[in-house]
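The values are calculated or read from the model by the stated rules, or taken from the named source; none is laboratory data. It should be emphasised that the depicted structure is a prediction, and the values quoted were computed from it without experimental measurement. Glycine also receives a Cβ, built like all others from the backbone with ideal geometry; neighbour counts cover every protein chain displayed.
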Amino acid sequence: MVSNNGSSRFVTLDFYDGAYGATLRIDIPSRELLEALKGVFQSLAQKKHHEVELAKADFVHAGNVTALDLELEEHPKTQGRSKTLHLEHGMKFVWNNTAAGWQYCSDLLDGFGEQPGHQYLTTEGIDDALIEAAFLER
């Protein structure tokens with residue numbers, strides 16, 4: 001959990017049917033939480049961890065779907081434009097990426113600067129859902 005001006009703030013995971021289909025939205029309400037999320041991607045990129053259950057991280061909480069599970073895995077055999085996000089069962093998603101792929105996701109988050117915005121981290125039409133990271137948009 002990260003404190004922001006005395007109140008608890010979290011990265012929120014939501015699931016909805018968006019303009020491009022099934023979407024997992026990661027709402028990031030502060031620079032501090034953006035850095036925490038980038039830290040998760042970096043730990044996978046640097047192979048400090050091979051698997052992270054993002055929905056169970058202490059700075060993350062479920063939004064509209066309490067049973068949502070998002071497992072991130074460093075997987076050396078993931079290639080190019082292949083499917084990286086798989087719906088396993090129920091609301092359990094597994095997101096596989098190479099170390100370089102996790103570094104790329106971290107680099108995409110660097111593009112936010114100080115302005116609100118969003119970035120898609122998976123590929124429409126290939127993955128089982130889009131992952132949309134939204135910074136300061138709520």
Provide a single number: the residues in region 21-54 that are free of Cβ contacts under 8 Å to residues at least 12 places away in the same chain and outside any helix (DSSP H, G or I). 1
Selection within region 96-121 - closer than 21 Å to Lys56 by Cβ and out of contact with any Cys (no Cβ under 9 Å at 6 or more places or on another chain): Asn96, Trp102, Cys105, Ser106, Leu109
Could you check region 114-138 and list, in sequence order, the residues that are crowded, with 17+ Cβ neighbours inside 10 Å and not in a loop (DSSP other than H, G, I, E, B)? Leu130, Ile131, Glu132, Ala133, Ala134, Phe135
Just one of Leu34, Leu54, Leu70 is closer than 15 Å to Ala134 by Cα and at pLDDT 90 or above; which is it? Leu34
Six or more apart or on different chains, Cβ under 7 Å: which pairs go from a residue in region 103-119 that's more than 14 Å from Val40 (Cβ to Cβ) to one that's surrounded by 11 or more Cβ atoms within 10 Å (Cβ to Cβ) and of a type in the set (D, E, K, R)? Could you list them? Pro116/Glu137; His118/Glu132; His118/Glu137
